[in-house]
Amino acid sequence: MRFATSSSGETEALGRRLGRLLKGWDVVCLYGELGAGKTTLTRGLVRGVGSRDRVASPTFSLARVYRAGRKTIYHLDLYRVSAGQTRDIGIEEFVSDPRGICVVEWPEAGEAYYPKDRLVVRLSHGGAGRRLSFRARGPRSREIVSALA
Ligand SMILES: Nc1ncnc2c1ncn2[C@@H]1O[C@H](COP(=O)(O)OP(=O)(O)OP(=O)(O)O)[C@@H](O)[C@H]1O
Ligand SMILES: [Mg+2]
C-alpha cells in the first residue's frame, strides 16, 4: 500500500488513521532517511491511538512512553544504537507488553526482537513531499494495511 503526502500535516493525518487501527502487541517499524517524516507520522499515530501526551523525537532519550487509556505506546529511535544497546533499552519488555504498541524509528538494530508479524513502513522524500509504503509481514499486520486502504 503506497501513499504520498504533500505536507507534514498530511503525514500526521495518515499517522492518525493508522493509530486508530492499532492495539496491544502491534509493532510498527519506520524505515527512512533523516528527515523522512518518521517522527511526524508517529505524532499522528500517538494521537490516533488516543494519547494526548507530547510527542518528541527520542533520538537522545532512545525511548519515550506515552499513555492512552489502557494502552501504552513505546516510541523508540535506534539511530546509532547497536544491537547490544537495544537490549538495554528494554525492547524485549516493550514488544511483549500485551497492552503495548511499539513504534520504532531506525529499527535496524532491533531486528532480532520484533515479532515476525509486524507492520513495515518505508518513508522517503518524494518531490516536494514524502512517499510512504506500508507492508504487512503477517495476518495481523495485513488486517491493519487492509483497513488503511
Ligand atoms: N509530506 C511532507 N512534506 C513536507 N515536509 C514534511 C512532510 N512530512 C513531514 N515533513 C517535515 O519533515 C521534517 C522532518 O520530519 P521528521 O522529524 O518527522 O523526520 P524523521 O524521519 O523523524 O527524521 P529523523 O531521522 O531525524 O528522526 C519535519 O519538519 C516535518 O514537518
Ligand atoms: Mg525522528
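The values are calculated or read from the model by the stated rules, or taken from the named source; none is laboratory data. Since the structure is predicted, the reported quantities are computational estimates derived from the model, not experimental observations. Methodologically, a virtual Cβ is constructed for each residue, glycine included, from the backbone with ideal geometry; neighbour enumeration extends over all protein chains shown. Each accessible area value is taken on the protein alone, full model and side chains, heavy atoms only, with ligands, DNA and RNA left out. Shrake-Rupley method; radii C 1.70, N 1.55, O 1.52, S 1.80 Å.
Numerical summary
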{"quantity": "Residue match in the range 41-61 (condition: in contact (Cβ under 8 Å) with a residue 12 or more places away in the chain and part of a strand (DSSP E or B))", "calculated": "no"}
{"quantity": "The range 1-52, residues that are aliphatic (A, V, I, L, M), closer than 15 Å to residue 107 by Cβ and either more than 7 Å from ligand 1 (Cβ to nearest atom) or in contact with a helix residue (DSSP H, G or I) (Cβ under 9 Å, 6 or more places away or on another chain) (or both)", "calculated": "27, 28, 30, 41, 45"}
{"quantity": "Output for the range 1-18, where each listed residue is open to solvent by 60 Å² or more (accessible area, probe 1.4 Å) and assigned to a helix (DSSP H, G or I)", "calculated": "8, 10, 16, 17"}
